[in-house]
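A quick write-up on the structure given underneath.
The values are calculated or read from the model by the stated rules, or taken from the named source; none is laboratory data. Model, not experiment: these values are computed from the prediction. Neighbour counts are summed over all protein chains in view; Cβ atoms, including those assigned to glycine, are modelled from backbone coordinates with ideal geometry.
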Amino acid sequence: MSQRNNLYFSRDIDLHLKTWKEDIHHKPLLLRGARQVGKSSAVRHLGETFEYFLEVNFERNPDIKQLFSVSLNPKV
């Protein structure tokens, strides 16, 4: 993992993300909101609580989009 600034400002969303993580039946997470409010930082902060965490950024790595070009059907 790349080295990041360890300064993190807690947000109201952190409690909701923790609750989502602890629910054994949690569904996929979709986080939407205005630009520059800390969505990515909050998710990266949450990611630090998992044993494994992978960030996929389609804007920085557009070639990754090809992985989803065939089918999104999990039964295929």
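At-a-glance table
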| item | result |
| --- | --- |
| Top-ranked residue in segment 32-50 [being surrounded by 13 or more Cβ atoms within 10 Å (Cβ to Cβ) and under 11 Å from the mean Cα position of the chain (by Cα); ranked as farthest from residue 9 (Cα to Cα)] | 47 |
| Any hit, segment 62-71, residues being surrounded by 10 or more Cβ atoms within 10 Å (Cβ to Cβ) and in a loop (DSSP other than H, G, I, E, B) | no |
| Matching option when the condition is within 16 Å of the chain's Cα centre (by Cα) and either modelled with pLDDT of 90 or more or on the phi < 0 side of the Ramachandran plot (or both), among 68, 9, 53 | 53 |
| Residue that is surrounded by 10 or more Cβ atoms within 10 Å (Cβ to Cβ) and modelled with pLDDT of 90 or more, where the choices are 29, 15 | 15 |
